[in-house]
Amino acid sequence: MIIVLKPGTSIETTKELIATIEAKGLKPVMLEGTQRNVIAVIGDERALQSINFESHPDIEKATPVLTPYKLVSREIYPANTVIDVGGVAVGGNNFVVIAGPCSVESYAQMTETAAAVREAGARLLRGGVFKPRSSPYAFQGLGVDGLGILSQVSREQSMPAFTEVMEVKDLDMVEEQGAAFQIGARNMKNTRLLTAVGQRKTPVLLKRGMAATIDDLLLAAEYILCEGNPNVILCERGISTFETSTRNTLDLNAIPVLKEKTHLPVIVDPSHGIGVRRWVTPMALAAAAAGADGIMVEVHNSPKDALSDGHQSLHPDEFVALMKALRPVVAAVGRELV
Ligand code: PEP
Ligand code: MN
């Protein structure tokens, strides 16, 4: 159930309401808005039947939420959520570009790549240091050393960065280095990890699992929001299908569906979505045309030498061309490239 408080409701009244909800064995989650505050009540709503919401002087409305996910639903927050990632606003009318290599490999590789994508118009950086590879013999990422490099380059280039987290124990370290969290496709259903990032305020880029439905993704996001972290960005990155011509099948359908169901920003990763360098740009443009709030693109200063995903990483000059092609598409759908 969603309880919308009237504007100007006092802190004391709000606390009283929260205490009443808790006393009935339910979990209240306070969502502070710019106009009004909302209390989302998690648990069996029948326990609240004795409260007369209609005649309550401080309650504007109380509505049951029928979807299995509650806090991520547009039924609760009709307006688009805008998330501040180190000073870059993701969501709303903005279209944001996140770019960088699949993996952090060295200071020189990161600096060269970050400077190139920044110059071309990317605002946010990406780079994995803990890599979930299919083979145990493949490059597993530079770990802590890579995190130091990412953090330094992120500061030097003024580009807030995302990096994948796979274990709860690494969260402190990633936060200390100022990076935002990425939860990868393989961990989208790792509920311990979702709960742990939910107990922080650092933004989370949550990627859709390769065998996850749209509702599975929304429920994974719900795990994070219901712990108190509202800063979740969803990412469509392709799903496994019977098609073998491409690495995954980028589910462009997910964009309008997610945009209708949730207020959270929706980013598209065409690099993993299609998995072949020369097809990344058309899918990036398609994502913008379909209403995504941004894209995440793998770019490497020298893709042939990349330690992971070089086959789908753009050369810096290809990224420049992508940004040039993107501008009119973003403008045509009434968005602003930030
Ligand atoms: C990545 O972003 O490099 C990555 C591993 O992505 P995904 O989790 O979508 O496979
Ligand atoms: Mn990758």
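Answer rounded, prolate or oblate for the stretch 83-337, using the Cα gyration tensor with square roots of eigenvalues a ≥ b ≥ c: rounded when a/c is under 1.5, else prolate when a/b is larger than b/c, else oblate.
Because its axes are fairly even, with a/c under 1.5, the stretch 83-337 counts as rounded.
Identify which of Ala114, Ala196, Ala321 has the largest mean-square fluctuation in a Gaussian network model of the chain, with springs joining Cα atoms closer than 10 Å.
Maximum fluctuation in the GNM of the chain, among the listed residues, is at Ala321.
Would you work out the relative contact order for the stretch 2-63, in percent, from Cα pairs under 8 angstrom that are 6 or more residues apart?
Relative contact order, the stretch 2-63: 46 percent.
Take Met188, Met30, Met159 and order them by how many other Cβ atoms sit within 10 Å, fewest up front.
Met30, Met159, Met188
In debye to the nearest 20, how big a dipole does the chain give about its Cα centre with +1 on each Lys and Arg Cβ and -1 on each Asp and Glu Cβ?
So the magnitude is around 440 debye.
Under a 10 Å cutoff between Cα atoms, tell me which one of Phe181, Phe53, Phe319 has the largest fluctuation in the Gaussian network model of the chain.
Phe53
Where does each of His272, His56, His300, His263 land when they are ranked from fewest to most other beta-carbon atoms within 10 angstrom?
Ordered from fewest to most neighbouring Cβ atoms within 10 Å, His272, His56, His300, His263 come out as His56, His263, His272, His300.
Asn301's amide H: which non-local residues (gap 5+, or another chain) put their own amide H closer than 5 Å, with H modeled 1.01 Å from N in plane and none for Pro or chain starts?
Thr113
Quick one: which residues, 5+ away or cross-chain, put their amide H under 5 Å from the amide H of Phe162? H built at 1.01 Å from N.
Excluding prolines and chain starts, which carry no amide H, the hits are Leu125, Arg126, Gly127, Ala180.
Of the residues Val104, Val72, Val41, which exhibits the maximal mean-square fluctuation in a Gaussian network model of the chain defined by a 10 Å Cα contact cut-off?
Val41
Go through Gly43, Phe319, His263 and say which Cα lies farthest out towards the positive end of the charge dipole of the chain; charges sit on Cβ, +1 for Lys and Arg, -1 for Asp and Glu.
It is Phe319.
If I take every Cα pair under 8 Å that is 6 or more residues apart in the stretch 83-337, average their sequence separation and divide by the length, what percent do I get for the relative contact order?
Computed over the stretch 83-337, the figure is 20 percent.
Using the Kyte-Doolittle scale, find the helices of the chain whose mean hydropathy is at least 0.0 and whose Cα atoms extend 15 Å or more along the helix's long axis, counting only whole DSSP H runs.
11-23, 143-156, 214-225, 277-289, 316-332
Rounded, prolate or oblate: which one fits the stretch 96-171, using the alpha carbon gyration tensor with axes a ≥ b ≥ c (rounded when a/c is under 1.5, else prolate when a/b beats b/c, else oblate)?
Judged from the Cα gyration tensor, the stretch 96-171 comes out prolate (a/c at least 1.5, a/b above b/c).
Can you compute the helix-only [θ] at 222 nm over the chain? Use -39500 (n - 2.57) per DSSP H run of at least 4 residues, normalise by all residues, nearest 500 deg cm²/dmol.
Calculated mean residue ellipticity at 222 nm is -10000 deg cm²/dmol.
Pull up the DSSP beta bridges for the chain and report the antiparallel fraction as a percent, rounded to 5.
So the antiparallel bridges in the chain amount to around 40 percent.
Which FRET efficiency, nearest 0.05, do Ile42 and Asp317 yield, Cβ-Cβ r, R0 56 Å?
0.65
Return Tyr69, Tyr107 ranked ascending by Cβ neighbour count within 10 Å, so the fewest neighbours appear first.
Ascending Cβ contact count within 10 Å gives the list Tyr107, Tyr69.
Shape verdict for the stretch 161-275, please, from the Cα gyration tensor: rounded (a/c under 1.5), prolate (a/b greater than b/c) or oblate.
Because a/c hits 1.5 or more and a/b exceeds b/c, the stretch 161-275 counts as prolate.
Lys6: which aspartates and glutamates have alpha carbons under 20 Å from its alpha carbon, excluding same-chain residues fewer than 8 sequence positions away?
Glu16, Glu32, Glu54, Asp58, Glu60, Glu75
Values in this text are rule-based calculations from the coordinates and carry no lab data. Since we're looking at a predicted model, the values are computed, not measured. With ideal geometry, Cβ positions are generated from the backbone for all residues, glycine too; neighbour counts draw on all protein chains shown.
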